[in-house]
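These notes concern the structure reproduced below.
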Amino acid sequence: MSTTMRAAVCVRAGGPEVLEIRDLPVPEVRDGWSLVQVKGVGLNRSELRTRQGHSPSVVFPRVLGIECVGVVADSTDPALPEGTTVAAVMGEMGRAFDGGYAHYALLPNSLLMPISTSLPWEVLAALPETYLTAHGALDALDAGSGGRLLIRGGTSSVGMAAASIASGYGMEVAATTRRADKADALTAAGVDHVLIDADGSLGAGLPWSDGPEYVLDLVGASTVADSLQSVRRGGTVCVAGSLSGWLIRDFEPIAMIPSGTRLTAFHSDTLKGSAGASTLQRIVHEIETGTYRPNLDQVFDLEDIVAAHNYMETDQATGKVVVLP
């Protein structure tokens, strides 16, 4: 194994151009941490905001990447021998320590989820953060078989994954997008009703007169108040994304949450490491059998990380963007 590797380093806060491809030393393992040869990385909006300087705890330069899939190259855990296929998400990857935007990543053993799969790397890389978030958010909604679900931010990777899972549950699914040209992709993902949401207010545009029982809000801050008005009285809104930012300004709970309606949230850190390993394995199986769709939009090389971030930032993707080292 070479002693150096290629990595995309975020050198300071700014636009996509602050991501520079550099040669770095391959990290050396230490107690409790193992070296993973990265085979694929899914891009996430949180990395975009970290790159823009909106994560106060992150010190630059930093190798970003809150998730990756790959192979254990040097292990300190007998339960994770070299050659094991693994996935990792969250746990401060790409924030407190270097993440997946590199040929190798030194990761805590507690984050590594062993996976048995025959999927190609680009498909596997599209799954962990996206599908674990979608699965966990639907669980937080307590959405089971049947029922009506509205997904706000439907063409995001998590939105399309949630549509795929909910369709498998037999739910009637509506999803929003700001772009009419993305309607066919939503339909293919299992959405029954595509709603064009240009201004964040659905009004009378819902397909149900009394609203859905469940709303999965992936847009977040700018649409939560409207989602609370859109859900059926006594229903549940789950915020599991922040496409419009992290803060809800001037939020008045008593005025904005209708009596009996529930507001909850899901954070994918809940399913990191061993907590999410069995769930991710089930998701992989459902992808392999064709029950779920991977919703892979575009694959970039690591050397093209600037173009990949620009593609994500300008909302060109319909589904997951993946980078292969």
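Quick note: the coordinates plus some simple rules give every number you see, no bench work behind them. It should be emphasised that the depicted structure is a prediction, and the values quoted were computed from it without experimental measurement. Ideal geometry is used to build each Cβ from the backbone, glycine not excepted, and the neighbour counts take in all protein chains shown.
Taking the Cβ of each residue in M1, M312 as the centre, tally the other Cβ atoms inside 10 Å and list the residues starting with the fewest. Before the final figure, lay out each step's value.
Working: M1 9, M312 22.
Lowest to highest Cβ neighbour count: M1, M312.
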- How high is the relative contact order of the chain, in percent, with contacts defined as C-alpha pairs under 8 Å that are six or more residues apart? 19
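For the stretch 17-149, what is the Kirkwood estimate of the hydrodynamic radius, computed as the reciprocal of the mean inverse distance between distinct Cα atoms, to one decimal in Å? Numbers along the way, then the final one.
Working: mean 1/r = 0.0634 Å⁻¹.
Evaluated over the stretch 17-149, this radius sits at 15.8 Å.
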- Note down the relative contact order for the stretch 130-268 as a percent, whole number, built from C-alpha pairs under 8 angstrom at least six residues apart. 24
- Listing M256, M5, M113 by rising number of other beta-carbon atoms within 10 angstrom, fewest first, gives M256, M5, M113
- Message: Name the residue from L324, A8, V224 whose Cα lies farthest towards the positive end of the charge dipole of the chain, charges +1 on Cβ of Lys and Arg and -1 on Cβ of Asp and Glu.
- Response: V224
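Let me spell out the model: positive unit charges on the Cβ of Lys and Arg, negative unit charges on the Cβ of Asp and Glu, origin at the Cα centre of the chain. What dipole size does that give, in debye rounded to 20? Intermediate values should be presented prior to the final figure.
Numbers: 23 positive and 37 negative charges, 80 e Å.
Its charge dipole is roughly 380 debye.
With +1 on the Cβ of every Lys and Arg and -1 on the Cβ of every Asp and Glu, and nothing else charged, how large is the dipole of the stretch 116-199 about its Cα centre, in debye rounded to the nearest 20?
On the way: 5 positive and 10 negative charges, 15 e Å.
So the dipole magnitude of the stretch 116-199 works out to roughly 80 debye.
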- Message: Which aspartates and glutamates, if any, have their Cα less than 16 Å from the Cα of K182, not counting same-chain residues under 8 positions apart?
- Response: D192, D197, D297, D315
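Rounded if a/c is under 1.5, else prolate if a/b beats b/c, else oblate: with a ≥ b ≥ c from the C-alpha gyration tensor eigenvalues square-rooted, which is the stretch 1-56?
On the way: a/c = 2.13, a/b = 1.72, b/c = 1.24.
The shape class here is prolate.
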- Provide, for q = 0.11 Å⁻¹, the log10 of I(q)/I(0) from a solvent-free Debye sum over equal Cα point scatterers in the chain. -0.67
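Evaluate the charge dipole of the stretch 130-268 about its Cα centre and quote only its size in Debye, nearest 20, assuming +1 on the Cβ of each Lys and Arg and -1 on the Cβ of each Asp and Glu.
Details: 9 positive and 14 negative charges, 18 e Å.
Value, rounded to 20: 80 debye.
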- Provide, in order from the shortest bin, the percent of all Cα-Cα pairs of the stretch 100-152 in each 10 Å bin, continuing until the bin that contains the maximum pair distance. 16, 40, 28, 15, 1
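For the stretch 236-325, rounded, prolate or oblate, judged on the Cα gyration tensor with a ≥ b ≥ c (square roots of eigenvalues), a/c < 1.5 rounded, else prolate if a/b > b/c? Walk me through the intermediate numbers first.
Numbers: a/c = 2.45, a/b = 1.42, b/c = 1.73.
Oblate, because a/c is 1.5 or more while a/b does not exceed b/c.
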- Note on the structure: Ordered by fewest other Cβ atoms within 10 Å, a rough proxy for footprinting exposure, Y131, Y169, Y311 read Y169, Y311, Y131
- Item | Cα principal axis extents for the stretch 25-83, largest first, Å | 38, 21, 21
- Message: With bins 10 Å wide starting at 0, give me the P(r) of the stretch 130-268 over every alpha carbon pair, in whole percents.
- Response: 13, 50, 33, 4
- Amide H contacts of C68 (H built 1.01 Å from N, under 5 Å, at least 5 apart or other chain): A88
- Message: Checking the cross-link filter: which lysines have an alpha carbon closer than 28 Å to that of K39, excluding same-chain neighbours under 8 positions apart?
- Response: K272, K320
